[in-house]
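Worksheet for the structure shown next.
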Amino acid sequence: MDGLLVEQREDGVAVVTIDRPQRRNALDDPLLLEGLPGAFADLGVDPSVRAIVVTGSGGAFCAGADLECSGLEQPSAAASERFMHKSHRTVMNIRSARQPVIAAVDGAAVGAGAGLAAACDIRIASRRARFITPFLKMALPPDYGSSYLLPRIVGPEVALDLFLTGRTVDGEEALRIGLVSRLADDPLAAALELATGIAAMPPEAVAVTKANVYHGLDTDMRSAIFDGEIRSVAIALHGEEFGEAFAAWRKQIRG
């Protein structure tokens, strides 16, 4: 698809690149409605893919929805809601993907671009990164999953600060407030290195780890531990991955 590059590497890492540098990788209708939702839906269930990296071309991550996209000019609120039900599948598909999804953010991540980064499991940014949530400046509440995701990443107080001011958060501040996990001069190279390491891990255990973390965030402690964590560990103890990995670990520890 024009504006989207998907590369599946032999090491089990897939790279999704938004490729509209002339528009700072703003999301047009094809990307919002088909390209991004479809890419993550397909990659998320592909057993040959062990980790996914998301980035943008030309020195920007994603400038949000293209100002010419039809989602901003639907004939009714009901039509707008139908449009967003389709476009917001991207953030749902990232979260439901079995593999960890890593955002490599260099340059601007604005509006839906900030939401896209927030939907990813790990974010690595350059010092040139700029996160902006300017929704209220257009008299809109936050969307593209931002109102759910950002409070869980940085806490409700900081999230409201960012939403209510629409101010710019640079890479250094993003690291300080926990919006990103690390800074790198070349965030794509750092994300690929991390993804390669994850891809070498037992895939089922990785998938369950991701699922358990998010299950724990959205439920009570007892359910998270007794219905999620304990059950998944018990299953893993009797799975194919455990025996070989545990034997290697025990050999390493015993020297």
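The values are calculated or read from the model by the stated rules, or taken from the named source; none is laboratory data. As the structure is a computational prediction, the values presented were derived from the model and not from experiment. Positions of Cβ are generated from backbone atoms using ideal geometry, with glycine treated the same way; all protein chains shown enter the neighbour counts. Calculation scope for accessible area: heavy atoms of the full protein, side chains included, ligands and nucleic acids excluded. Shrake-Rupley method; radii C 1.70, N 1.55, O 1.52, S 1.80 Å.
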Among the candidates Leu72, Leu33, which residue alone is modelled with pLDDT of 95 or more and not small (Gly, Ala, Ser)?
-> Leu33
Does segment 80-87 contain at least one residue that is in contact with a strand residue (DSSP E or B) (Cβ under 6 Å, 6 or more places away or on another chain) and either loosely packed, with under 15 Cβ neighbours inside 10 Å or not polar (S, T, N, Q) (or both)?
-> no
Within the bounds of segment 68-76, is there any residue that is among the hydroxyl-bearing types (Ser, Thr, Tyr) and free of Cβ contacts under 8 Å to residues at least 24 places away in the same chain?
-> yes
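Within segment 115-125, count every residue that is open to solvent by less than 10 Å² (accessible area, probe 1.4 Å) and farther than 15 Å from Leu183 by Cα.
Adding up the residues that qualify gives 5.
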So the strands (runs of 3 or more DSSP E) completely within segment 97-164 holding 3 or more residues that are closer than 25 Å to Gly71 by Cβ are 101-105, 108-110, 130-132
Considering every residue within segment 24-39, establish whether at least one is in contact (Cβ under 8 Å) with a residue 12 or more places away in the chain, surrounded by fewer than 21 Cβ atoms within 10 Å (Cβ to Cβ), acidic (Asp, Glu) and part of a helix (DSSP H, G or I).
-> yes
If you go through Thr90, Thr55, the only one that is assigned to a helix (DSSP H, G or I), polar (S, T, N, Q) and modelled with pLDDT of 95 or more is Thr90
Looking only at segment 231-245, which residues are open to solvent by 80 Å² or more (accessible area, probe 1.4 Å) and not in a loop (DSSP other than H, G, I, E, B)?
-> Arg231, Ile235, Leu237, Glu240, Glu244
Asp42 passes all but one of the listed conditions (1) surrounded by fewer than 20 Cβ atoms within 10 Å (Cβ to Cβ); (2) under 17 Å from the mean Cα position of the chain (by Cα); (3) in contact (Cβ under 8 Å) with a residue 24 or more places away in the chain; the exception is number (3)
For the subset of segment 193-223 comprising residues that are assigned to a helix (DSSP H, G or I), in contact with an Asp or Glu (Cβ under 9 Å, 6 or more places away or on another chain) and among the hydrophobic types (A, V, I, L, M, F, W, C), which member is surrounded by the most Cβ atoms within 10 Å (Cβ to Cβ)?
-> Ala195
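Matching residues to (1) within 19 Å of the chain's Cα centre (by Cα); (2) modelled with pLDDT under 95; (3) farther than 20 Å from Ala51 by Cα:
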{"position": "Leu192", "(1), (2), (3)": "yes, no, no"}
{"position": "Gly197", "(1), (2), (3)": "yes, no, no"}
{"position": "Ala207", "(1), (2), (3)": "yes, no, no"}
{"position": "Asp218", "(1), (2), (3)": "yes, yes, yes"}
{"position": "Ser232", "(1), (2), (3)": "no, yes, yes"}
{"position": "Leu237", "(1), (2), (3)": "no, yes, yes"}
{"position": "Gly243", "(1), (2), (3)": "no, yes, yes"}
{"position": "Ala248", "(1), (2), (3)": "no, yes, yes"}
